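Below is one structure, written out as structure tokens; the observations come after it.
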Amino acid sequence: MAAFEDKTGGNVLAIAHNGNLSNGIMFPTVEALGKPVDRAYAEARAKWERLYETTQTKGDGEAHPYLSPNDEFANFEKWDKGNLDGSAAKTREMLEFEYARSGLKSG
């Protein structure tokens, strides 16, 4: 995205898709190679991903009843089966890293 902007002078905005298929990698505290999320990572996501798709036809990505047990709407059209092709099942440990409400809580 940066290369496109540098080359064309255009502007890019990425809208991150609903993270309930991410199996815990949408809102990480540790990057893919084990490096803790730092300021540079957070600033890059803030620059390129200013919007987040919370709800779509495959399910809601705002809250999950396990994470928000007192919210009667947290069970609305949730997807908690696993990733898109079913090759990796969902675990409770993944949930806090894929729902918008918990992502906002963790910063």
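Bear in mind that the values in this text are calculations on the coordinates, not laboratory data. Quick caveat: nothing in here was measured; it's all calculated off a predicted structure. Positions of Cβ are backbone-derived with ideal geometry, glycine not excepted, and every protein chain shown enters the neighbour counts.
Structure values in brief
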quantity	calculated
Pair list, Cβ < 6 Å and 6+ apart or interchain, from segment 3-16 residues that are in contact (Cβ under 8 Å) with a residue 24 or more places away in the chain to residues that are assigned to a helix (DSSP H, G or I) and not hydroxyl-bearing (Ser, Thr, Tyr)	Val12/Phe4; Val12/Glu5; Ala14/Trp48
Residue list for segment 26-40, filter: out of contact with any Gly (no Cβ under 8 Å at 6 or more places or on another chain) and touching a residue at least 40 places away in the same chain (Cβ under 8 Å)	Pro28, Thr29
Set Glu43, Glu62: member being free of Cβ contacts under 8 Å to residues at least 60 places away in the same chain, charged (D, E, K, R) and in contact with a Lys or Arg (Cβ under 6 Å, 6 or more places away or on another chain)	Glu62
